[in-house]
Amino acid sequence: MTLKDVLAKAYNGETLSIGDIKQILMASPEEEYQIFELARLLRNRYFDNTAYAYGFVYFTTYCKNKCYFCYYRQGNKAAPRYRKTKSDVVDLACKLAKSGVHLIDLTMGEDPYFKEHPEELEEIVREVHEKTKLPIMISPGVVDPVTLASLKDAGGVWYALYQETYDRNLFSQMRYEQDYDTRMELKLQAKNLGYLVEEGLMTGFGDTIEQQAEGIFHMGEVEPSQIRTMTFVPQKGTPLENMKKSNSNKELLMIAAMRLSYPDKLIPASLDVEGLGGLKKRLNAGANVITSLIPPEEGLAGVSQSELDIDNGSRSLNQIIPIIRECGLELGSHEKYQKYILKNQSTVMV
């Protein structure tokens with residue numbers, strides 16, 4: 001099957017195979033234009049030229065894990081450590097809500113403090129939800145089923161838990177001493193509780209095209225409502241700090257492959273890899289959510305890039321709107337975003 005045949009399948013809404021996705025990821029520079037053009041067409045078919053923006057509050061950078069790729073891994077003395085108070089988190093979330101974002105993403109490392117005091121995490125989620133009136137995405141890592149349920153009751157709408165790779169071997173190398181199946185099962189438990197799930201892959205850390213294609217194909221098995229990919233950025237003080245940094249070309253093709261495989265899913269363009277300067281090409285590859293909007297000068301860090309474009313205000317809504325419009329998109333209404341949530345919630349309960 002040629003790439004032309006694969007694109008015809010995607011255009012007609014047919015399911016793409018692992019081999020089809022490989023064809024997309026192996027595209028030549030000359031073929032990329034056709035792929036990105038179709039990705040935009042399918043995005044606009046399902047989302048009417050609409051994009052959404054997510055506010056990001058990384059409220060604790062303490063973590064018990066030792067992931068080889070993560071700046072905030074346990075024991076990394078180079079990483080900035082902080083744990084924001086509940087009032088700090090609520091204040092930050094309210095500032096983001098006032099700016100016009102559609103969702104508040106409450107992200108944390110697997111902080112031992114909150115593992116021991118899950119009721120405090122629940123209080124943060126509840127108060128942010130009550131004060132902002134916005135949907136909440138929780139990114140607390142692996143939590144026990146009771147905590148997962150309590151966070152849903154407190155106002156959690158989305159549960160983000162990224163597998164990063166669907167290759168078990170590679171997973172064990174990247175997520176040191178963590179269990180592959182536990183993460184998969186927790187996503188399914190979250191869906192049973194009524195959460196919408198965000199799944200994610202990483203690229204640029206030694207993964208092959210075969211592994212990338214398999215990841216994109218298999219991520220559909222957890223029926224996520226939002227899917228993403230990000231390029232690995234080597235981090236100081238980690239086992240992979242000396243790995244050569246990849247360019248973002250593969251990430252762009254993976255965004256497009258995700259759009260062609262799952263045209264009705266939200267797909268983020270993260271500001272956390274290349275900042276504001278990398279937004280346009282990610283939107284033009286088929287993304288329709290802008291993530292990692294962070295209020296300036298509030299002491300918050302990013303994940304892949306802890307400081308990039310934060311304190312100069314470039315990760316703010318007023319900075320991204322002109323770029324969204326350059327890409328032929330408009331910021332969607334809160335009502336339209338809520339409609340997407342309700343439509344997807346009606347399908348997740350088992």
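Table for the structure above
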quantity	calculated
Sole residue being touching a Lys or Arg at 6+ places or on another chain (Cβ under 9 Å) and closer than 21 Å to LYS265 by Cβ, chosen from LEU134, LEU188, LEU193	LEU193
Of all residues in region 69-92 being among the small types (Gly, Ala, Ser) and in contact (Cβ under 8 Å) with a residue 40 or more places away in the chain, the one that is nearest to ASN242 (Cα to Cα)	ALA78
Residue count for region 147-195, restricted to those that are of a type outside the set (S, T, N, Q), crowded, with 20+ Cβ neighbours inside 10 Å, modelled with pLDDT of 95 or more and more than 24 Å from VAL128 (Cβ to Cβ)	3
Hits in region 232-262 (condition: in contact with a helix residue (DSSP H, G or I) (Cβ under 8 Å, 6 or more places away or on another chain) and either without any contact (Cβ under 8 Å) to a residue 60 or more places away in the chain or surrounded by fewer than 21 Cβ atoms within 10 Å (Cβ to Cβ) (or both))	SER248, LYS250, GLU251, MET258, TYR262
Residue match in region 51-71 (condition: surrounded by fewer than 21 Cβ atoms within 10 Å (Cβ to Cβ), aromatic (Phe, Trp, Tyr) and within 21 Å of GLY215 (Cβ to Cβ))	yes
Residue in region 43-62 that is under 24 Å from VAL233 (Cβ atoms) and over 18 Å from the mean Cα position of the chain (by Cα) present	yes
Filter result for the condition that a residue is of a type in the set (Phe, Trp, Tyr) and farther than 22 Å from THR229 by Cβ, over PHE114, PHE171	PHE114
In region 264-283, the residues that are farther than 20 Å from GLY204 by Cα and crowded, with 21+ Cβ neighbours inside 10 Å	LYS265, LEU266
SER246 modelled with pLDDT under 95 and out of contact with any Phe, Trp or Tyr (no Cβ under 7 Å at 6 or more places or on another chain)	no
Residue satisfying all of: in region 9-25; more than 13 Å from ILE216 (Cβ to Cβ) and of a type outside the set (Phe, Trp, Tyr); surrounded by the most Cβ atoms within 10 Å (Cβ to Cβ) among these	LYS9
Check on LEU42, touching a residue at least 24 places away in the same chain (Cβ under 8 Å), within 27 Å of ARG259 (Cβ to Cβ), assigned to a loop (DSSP other than H, G, I, E, B) and of a type in the set (A, V, I, L, M, F, W, C)	no
Helices (runs of 4 or more DSSP H) contained entirely in region 275-350, each with at least 1 residues that are closer than 25 Å to GLU32 by Cβ	279-283, 317-326
Tally, over region 196-219, of residues that are modelled with pLDDT under 95 and surrounded by fewer than 18 Cβ atoms within 10 Å (Cβ to Cβ)	1
Residue within region 102-125 that is at pLDDT 95 or above, more than 27 Å from LEU188 (Cα to Cα) and surrounded by fewer than 19 Cβ atoms within 10 Å (Cβ to Cβ) present	no
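Yes/no matrix, rows are residues, columns are (1) β-branched (Val, Ile, Thr); (2) closer than 16 Å to GLU122 by Cβ:
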| site | (1), (2) |
| --- | --- |
| SER139 | no, yes |
| VAL142 | yes, no |
| PRO145 | no, yes |
| ARG168 | no, no |
| SER172 | no, no |
| GLU177 | no, no |
| LEU196 | no, no |
| GLN211 | no, no |
| HIS218 | no, no |
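The values are calculated or read from the model by the stated rules, or taken from the named source; none is laboratory data. These numbers were taken from a predicted model, which means no experiment stands behind them. All Cβ positions, even for glycine, are placed from backbone atoms using ideal geometry, and neighbour counts span all protein chains on display.
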